[in-house]
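The values are calculated or read from the model by the stated rules, or taken from the named source; none is laboratory data. Treat the numbers as computed from the prediction; the structure is a model and nothing was measured. We place every Cβ from the backbone using ideal geometry, glycine too, and count neighbours over all the protein chains shown. For the accessible areas, the whole protein counts, side chains as well, though only heavy atoms, and no ligand, DNA or RNA atoms are used. Shrake-Rupley method; radii C 1.70, N 1.55, O 1.52, S 1.80 Å.
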Amino acid sequence: MKKECVAMLLAGGQGSRLYALTSHVAKPAVPFGGKFRIIDFPLSNCVNSGIDTVGVLTQYRPLELNSYIGSGQPWDLDRSDGGVHILPPYMREGDQGTWYKGTANAIYQNIGFLDMYDPEYVVILSGDHIYKMDYSKMVEHHKQVDAACTISVLEVTMEEATRFGIMNVDENDIVYEFEEKPPQPKSNLASMGIYVFTWSKLREYLIADEADPNSSNDFGKNIIPNMLCAGEKLAAYRFHGYWKDVGTIDSLWDANMDMLAPRTSIDLYDPSWPIYARTPIKPPHFIGPNGVVSHSLVTGGSEVYGTVENSILFHSVTVEEGAQVRYSILMPGVTVRAGAKIEYAIIAENAVVEQNACVGTPPDPSNPDWGVAVVAGGVTVGEQAVVSAHAMVRENVKGGEQV
């Protein structure tokens, strides 16, 4: 069962910065781009990169995510030798059992899983990034430079660099210093949170880190700095392409809107690197006789009788006649009744916006608190109710009410 490379996908995040969207689902299970979920991207990257053994580390509200992944069939990961494995925290003998305390502890708790496959290399991935990447090229670079750890980096502006872990490298892209969110960064090479480790090395550092009572048990805060201090060879691997961390409402909305600009975004139409998903079987979408759809993605099973502009509609969405949807994301099963108006908003699964209700407003430069409005899954916004910009609606809104 020995494998050259195993991927470990960290998918247990609560996604607290997505607020109402992750109140019932883990962040990697949040719908994205009309027919996908966030986790589809790293899973598809794995199989397209030739990595056929993937551990998915779940924790927060795992039911929907586990059900979605299932046997791994949509990603060709339903294999008897390898395939996809769901790895929740568990109780060990003589132990009360704990949640994963940090990214490094999550891998530490699954040393037994990795030892079962005894890989040469382990790829550590995050479940909340939108991108396409050939991990096999990163692994090959790791082997060529004979590194203990290779870190994927992305060039950002110096202003943005203060928000990332920054890698300072020599002329051969070997890391000599790591700075976590430096106020005055020395370079613009930001860590993407994607790592390739030589497993024998990583195993040693995970065990040592777990023995340190003062450790945060985190790759960025502990494992990487510890390896650097010990003189291990750490290499930077430069990534060129579209990459978006969708951990906030604004970044999730931005990344979805990017799907409407394929030349400057991720290319979903590239047959050489498909993004696979578990897609429900639905009839074709239908545009009614008075329906108007422009510059939008509309998925199967949706019915549009009103106006949809610059928006993304997932499957089974209904937009009734006279309703207007602009610059918004409507997740599966959303219903927008006649006369309702939705602008710059994210409406989560199975929510209902009743007649003549208004959700969200266009950007207002004079309002420093302006932002995308969000309606949580299953919520009903009553007739003629008003949901203001930047509002986060978790409960039903009564008719005529303003929030």
If we keep only residues of region 108-127 that are open to solvent by 20 Å² or more (accessible area, probe 1.4 Å) and assigned to a loop (DSSP other than H, G, I, E, B), then the residue nearest to TRP199 (Cα to Cα) is GLU120
**Asked** Is it fair to say HIS295 is touching a residue at least 24 places away in the same chain (Cβ under 8 Å) and either open to solvent by less than 40 Å² (accessible area, probe 1.4 Å) or on the phi > 0 side of the Ramachandran plot (or both)?
**Response** yes
Selection from region 219-253 of residues open to solvent by 60 Å² or more (accessible area, probe 1.4 Å) and within 19 Å of the chain's Cα centre (by Cα) yields HIS240, ASP250
Checked region 274-296 for anything within 30 Å of SER49 (Cβ to Cβ) and in contact with an Asp or Glu (Cβ under 7 Å, 6 or more places away or on another chain); matches are ILE275, TYR276, ALA277
Only one of GLU320, GLU303 is open to solvent by 30 Å² or more (accessible area, probe 1.4 Å), in contact with a Ser or Thr (Cβ under 6 Å, 6 or more places away or on another chain) and among the charged types (D, E, K, R), namely GLU303
Residues of region 203-243 being over 13 Å from ILE107 (Cα atoms) and among the hydroxyl-bearing types (Ser, Thr, Tyr), in sequence order, are SER215, SER216, TYR237, TYR242
Item to complete: May I ask you to verify whether ILE281 is open to solvent by 30 Å² or more (accessible area, probe 1.4 Å), free of Cβ contacts under 8 Å to residues at least 12 places away in the same chain and over 30 Å from ILE194 (Cβ atoms)?
Response: yes
In region 365-388, residues that are under 22 Å from PRO31 (Cβ atoms) and crowded, with 17+ Cβ neighbours inside 10 Å total 11
Counting only residues in region 128-181 that are out of contact with any strand residue (DSSP E or B) (no Cβ under 7 Å at 6 or more places or on another chain) and in a helix (DSSP H, G or I), the one modelled with the lowest pLDDT is identified as ARG163
